[in-house]
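**Q** Encoded as structure tokens, here's the structure I'll be asking about.
The values are calculated or read from the model by the stated rules, or taken from the named source; none is laboratory data. Please read all numbers here as calculations on a predicted model, not as lab measurements. As a convention, Cβ positions derive from the backbone with ideal geometry for all residues, glycine included, and neighbour counts pool all protein chains shown.
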Amino acid sequence: MPAAAHPIAHRIKAQAASLGFDAVGFAEARAVEPAARQCYERWLAQGRHGCMAWAGRHNDVRDDPRLLLDGAQSVIMLAMNYYPAFRQPADAPQFATYAYGRDYHEVVRERLHRLAAFITEATGCACRCCVDTAPLRERYWAQQAGIGFVGVNNQLIVPGRGSYFFLGAVITTLALPPDAPCTLSCGQCGECLAACPAQALDGTGAVDARRCLSCLTIELRGPLPAWAGQAMGNRVYGCDACQQCCPHNRQATATTIDELQPTAEFLRLTAADIRQMTPTEFSHLFAHSAVRRTKLTGLQRNQAAIDHATAIGQEQ
Ligand code: SF4
Ligand code: SF4
């Protein structure tokens, strides 16, 4: 039965939209296809997960979402637009757009729990919510659920809407009619390959985390590689280069979720502020922000790398 003709499926999609999700789709909970599993295993074996040791853990669960919830029948995938209405000045130390507003773990999780409560109340079925909090291949399942496709830039691209989306999942024991997987692809575009300042993309849709500035500036503990400062330009936290250049993002519209908008204080932040920031100021400014992940030491390390590369550039 198509989702539109399935009463509870239709109500779940309407409820997701009322909670602020921009796209929702259903996939049958089952093992990940062998080709996708092998691709991930190859990526790990080549060490391209870099400092993200967690990427190699719990692979049995990552390969089968039924291990996340007893009796799981469906994976409900949801996407939430985070593109902000206001942006930092171009000469400010740049933060990845996803980190402009309140931490997505909090914003998305709260809405996933409300959707799960709705499902359980309506059907008695169990649910488990995931937002980067479990070994689940969110982008793979989003493609399976028909929300979009994984681009050469390793991002989930929602056709006609772009890639500035958070993904969340509700795994449930409720059997839902699966949506048709998205079969679109990037075609011959390749703009992100040229735009990546760190040569971290190889054209297959995989990213080399050992080179990706997003991974290095956020996930890496300890010193950055010597080459990174120059590649960073003025990116002090994360990198959006492979999304900014993507033709799918030319029509990006601002999110309707207030918590995802940046504060005026954040938009005023300068490089000098970061250099001089105290732990108390960091805790205040980023109290509910994903930027906490890198801690003040990481943020100041990143700013120092930018400063060092700038000083060398001026000497030459
Ligand atoms: S986030 Fe930046 S460094 Fe990483 S792949 Fe995209 S463009 Fe390259
Ligand atoms: S820039 Fe082009 S190749 Fe890269 S993700 Fe976007 S559409 Fe795909």
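**Q** Which of the numbered conditions does THR255 fail, given that it passes all the others? Conditions: (1) more than 30 Å from CYS189 (Cβ to Cβ); (2) within 23 Å of the chain's Cα centre (by Cα); (3) surrounded by 13 or more Cβ atoms within 10 Å (Cβ to Cβ).
**A** So the condition that THR255 fails would be (1).
**Q** Here is a follow-up. Out of all the residues in segment 100-110, is one or more more than 27 Å from ARG66 (Cβ to Cβ), within 16 Å of ligand 2 (Cβ to nearest atom), outside any helix (DSSP H, G or I) and modelled with pLDDT of 95 or more?
**A** Scanning segment 100-110 turns up no residue that is more than 27 Å from ARG66 (Cβ to Cβ), within 16 Å of ligand 2 (Cβ to nearest atom), outside any helix (DSSP H, G or I) and modelled with pLDDT of 95 or more.
**Q** Please verify whether segment 169-192 includes one or more residues that are in contact with a Lys or Arg (Cβ under 9 Å, 6 or more places away or on another chain) and within 16 Å of ligand 1 (Cβ to nearest atom).
**A** So far as segment 169-192 goes, no, none of its residues is in contact with a Lys or Arg (Cβ under 9 Å, 6 or more places away or on another chain) and within 16 Å of ligand 1 (Cβ to nearest atom).
**Q** Still on this model: With respect to the numbered conditions (1) within 14 Å of the chain's Cα centre (by Cα); (2) more than 14 Å from VAL24 (Cα to Cα), which one is the sole condition not fulfilled by TRP141?
**A** With (1) within 14 Å of the chain's Cα centre (by Cα); (2) more than 14 Å from VAL24 (Cα to Cα) applied to TRP141, the lone miss is (2).
The rows are residues; the columns are (1) within 27 Å of ALA241 (Cβ to Cβ); (2) surrounded by 20 or more Cβ atoms within 10 Å (Cβ to Cβ).
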site: ILE8; (1), (2): no, no
site: LYS13; (1), (2): no, yes
site: LEU19; (1), (2): no, no
site: VAL24; (1), (2): no, yes
site: ALA29; (1), (2): no, yes
site: LEU44; (1), (2): yes, no
site: ASN81; (1), (2): yes, yes
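**Q** Also, I was wondering about something else. So which residues in segment 142-154 are crowded, with 24+ Cβ neighbours inside 10 Å, among the polar types (S, T, N, Q) and within 13 Å of ligand 2 (Cβ to nearest atom)?
**A** Of everything in segment 142-154, just one residue is crowded, with 24+ Cβ neighbours inside 10 Å, among the polar types (S, T, N, Q) and within 13 Å of ligand 2 (Cβ to nearest atom), namely ASN153.
**Q** Does at least one position in segment 177-199 carry a residue that is assigned to a loop (DSSP other than H, G, I, E, B), at positive phi and touching a residue at least 12 places away in the same chain (Cβ under 8 Å)?
**A** Within segment 177-199 (the criterion being assigned to a loop (DSSP other than H, G, I, E, B), at positive phi and touching a residue at least 12 places away in the same chain (Cβ under 8 Å)), the answer is yes, since at least one residue qualifies.
**Q** Quick one: would you say GLY203 is without any contact (Cβ under 8 Å) to a residue 60 or more places away in the chain, in contact with a helix residue (DSSP H, G or I) (Cβ under 7 Å, 6 or more places away or on another chain), in a loop (DSSP other than H, G, I, E, B) and more than 11 Å from ligand 1 (Cβ to nearest atom)?
**A** Taking the combined requirement at face value, the residue satisfies it.
**Q** Here's a follow-up. For segment 181-200: of the residues being under 18 Å from GLY148 (Cα atoms) and more than 7 Å from ligand 2 (Cβ to nearest atom), which is surrounded by the most Cβ atoms within 10 Å (Cβ to Cβ)?
**A** Residue satisfying both the conditions and the ranking: CYS182.
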